[in-house]
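Down below is the structure, laid out as structure tokens.
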Amino acid sequence: MSSRPPKSFAHLKITPELEDNREFMGRGPFKLTRPKSQPRVQFYGYAISPHWLLEFAVQNCPDLLPDRKDKSHEYTAMQRGYELLRDWLCIYSLDRQYCFNPKGSSVPLEWIEGVNDDEPPEDLEMVEVLAVCSDREDEFERRPTQEQLDFLTKLIGNAPKWWVSCDWEE
């Protein structure tokens, strides 16, 4: 994943064709196999940097943002960017989650199972994920359509995948 957003989101402005979101609604959810259950929730989505959401908001809804000098500008812009994506694409299950982003091939088993209460090792990074669904039964069934997922993949520039949550299942 690139930590930098595209130089311009201009090509992704809302056009008359995209204002009519019926194309995204009314079809069944995209096909996806749920991963094996584990103690931590797993989210299917895209790793994004907070800067990506900020730039998306600055370019697509600048009138909804406070002045850049305002101390709440970054937080508000990231939140508005997320809300714009969710509402624009009609993906109401879209969520922002912090997940493990291991440098190796997987999250160490002791962190998945929760047998280690210490600080995570240095090679166990965390990343913000724009999640379209989780492995929880109700959330898995509310996943978006293939058209919505394809558009979001094109917008973000990389494919979604399963991520292991930093939080415990409730």
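The values are calculated or read from the model by the stated rules, or taken from the named source; none is laboratory data. As the structure is a prediction and not an experimental result, all values here were calculated from the model. Don't worry about glycine lacking a Cβ; one is built from the backbone with ideal geometry, like all the others, and counts go over all protein chains shown. To get the accessible areas, we keep the full protein, side chains included, count just its heavy atoms, and leave off ligands, DNA and RNA. Shrake-Rupley method; radii C 1.70, N 1.55, O 1.52, S 1.80 Å.
Descriptive notes on the structure:
- Label-point gap, in nm, between LYS71 and ASN158 - each point 7 angstrom along Cα→Cβ: 3.3
- Peptides 91-100, 48-57 ordered by packing proxy, namely the average of other Cβ atoms within 10 Å per residue, highest first: 48-57, 91-100.
- Residues with amide H under 5 Å from that of MET126, placed H, sequence gap 5 or more: ASN101
- Per-residue extension of 0.36 nm, minus the Cα-Cα distance of GLN59 and ARG142, leaves a gain of 27.0 nm for this segment.
- Figure legend: label point modelled 7 angstrom from the Cα of ARG34 along Cα→Cβ; residues of region 141-170 with amide N under 17 Å from it are 141-144, 162-165, 169-170.
- Surface composition of region 56-95: carbon and sulfur make up 47 percent of the accessible area, probe 1.4 Å.
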